[in-house]
1. Would you mind finding the one in Val111, Val145 that is surrounded by fewer than 15 Cβ atoms within 10 Å (Cβ to Cβ) and of a type outside the set (D, E, K, R)?
2. Hey, among the residues in region 173-202 that are closer than 13 Å to Val162 by Cα and of a type in the set (A, V, I, L, M), which one's farthest from the chain's Cα centre (by Cα)?
3. Condition check: at pLDDT 90 or above and touching a His at 6+ places or on another chain (Cβ under 9 Å). Does Gly127 satisfy that?
4. Go through region 118-135 and count every residue that is free of Cβ contacts under 8 Å to residues at least 24 places away in the same chain and under 20 Å from Thr183 (Cα atoms).
5. Please work out which residue is nearest to Ala219 (Cα to Cα), limiting yourself to region 176-192 and to residues that are in contact with a strand residue (DSSP E or B) (Cβ under 7 Å, 6 or more places away or on another chain) and surrounded by 16 or more Cβ atoms within 10 Å (Cβ to Cβ).
6. Any residue at all in region 112-127 that's of a type in the set (Ser, Thr, Tyr) and under 21 Å from His211 (Cβ atoms)?
Amino acid sequence: MARSLFLLLLSSLIGVVITPGFLTADDVVSVTGLDASGIVETVPLPESKPKAEPVPVVAKANAKNTATSNNVTYTVPKPVTQPTSQKVAPANAISIAGRVLPIVDVADTAVNAGNHVNKYGSKFLYGHNSSNVFGFLPGMKVGNVFTVAYGGTSRNYQIREVQIFRKASETTLEANGQTYRMTAIANGKGRYEMVLMTCYGTSYGNGDASHRFVVFADAI
């Protein structure tokens with residue numbers, strides 16, 4: 001009896017060894033009972049792009065290429081073609097829009113600019129709206145780059161804002177209902193590192209005019 005049981009057990013083991021239940025690529029397996037509620041699809045996020053700096057709108061040209069600011073009609077100059085590189089003279093000078101203009105230090109913003117650019121304080125440059133000085137300045141736009149060499153140091157600046165002011169008095173300018181002291185403009189309104197200014201609007205025939213065109217820039 002014991003021998004019969006042993007042979008029966010041995011034959012069943014031999015059947016398992018001889019016919020193993022391996023899965024192959026052709027086998028079909030049915031899987032049930034999976035919960036898909038916890039599966040989350042990951043979607044790559046788009047790369048964030050830096051917001052472009054807002055460009056201040058000073059005036060819009062009409063079909064005749066003129067614009068109006070503070071009841072003054074003037075011709076909107078064509079944008080200045082910006083050279084790919086700046087050349088700065090060894091002496092104190094500003095290199096802008098392909099021109100190199102000498103800089104003269106002055107103690108008062110009322111000093112006549114003459115045939116050069118005057119420098120008042122640490123960050124304010126002004127000159128006449130003439131072909132040989134700052135006559136091209138109203139054609140400059142946000143993003144243009146210029147170079148200032150002064151006191152043995154040369155730095156590049158990029159224009160951040162342009163604005164037209166009405167001359168309210170000898171020491172104040174006005175824009176959008178707000179009055180600014182000339183010293184505040186010369187100080188970049190407390191925000192900018194370099195300021196360029198020239199006369200604008202109606203000429204009085206004595207080197208002065210009704211408005212001022214001002215460029216604000218930061219070092220780059």
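1. Values: Val145 fails: surrounded by fewer than 15 Cβ atoms within 10 Å (Cβ to Cβ).
Unique residue meeting the criteria: Val111.
2. Residue satisfying both the conditions and the ranking: Ala175.
3. Against the criterion (at pLDDT 90 or above and touching a His at 6+ places or on another chain (Cβ under 9 Å)), Gly127 qualifies.
4. Residues that pass the stated criteria total 2.
5. So, considering only residues that are in contact with a strand residue (DSSP E or B) (Cβ under 7 Å, 6 or more places away or on another chain) and surrounded by 16 or more Cβ atoms within 10 Å (Cβ to Cβ), the one nearest to Ala219 (Cα to Cα) is Tyr192.
6. Kept after step one, since they are of a type in the set (Ser, Thr, Tyr), are these residues of region 112-127: 120, 122, 126.
Among the residues that remain, those that are also under 21 Å from His211 (Cβ atoms) are: 120, 126.
Scanning region 112-127 turns up at least one residue that is of a type in the set (Ser, Thr, Tyr) and under 21 Å from His211 (Cβ atoms).
The values are calculated or read from the model by the stated rules, or taken from the named source; none is laboratory data. From a predicted model like this one, the values you see are computed outputs, not experimental measurements. Methodologically, a virtual Cβ is constructed for each residue, glycine included, from the backbone with ideal geometry; neighbour enumeration extends over all protein chains shown.
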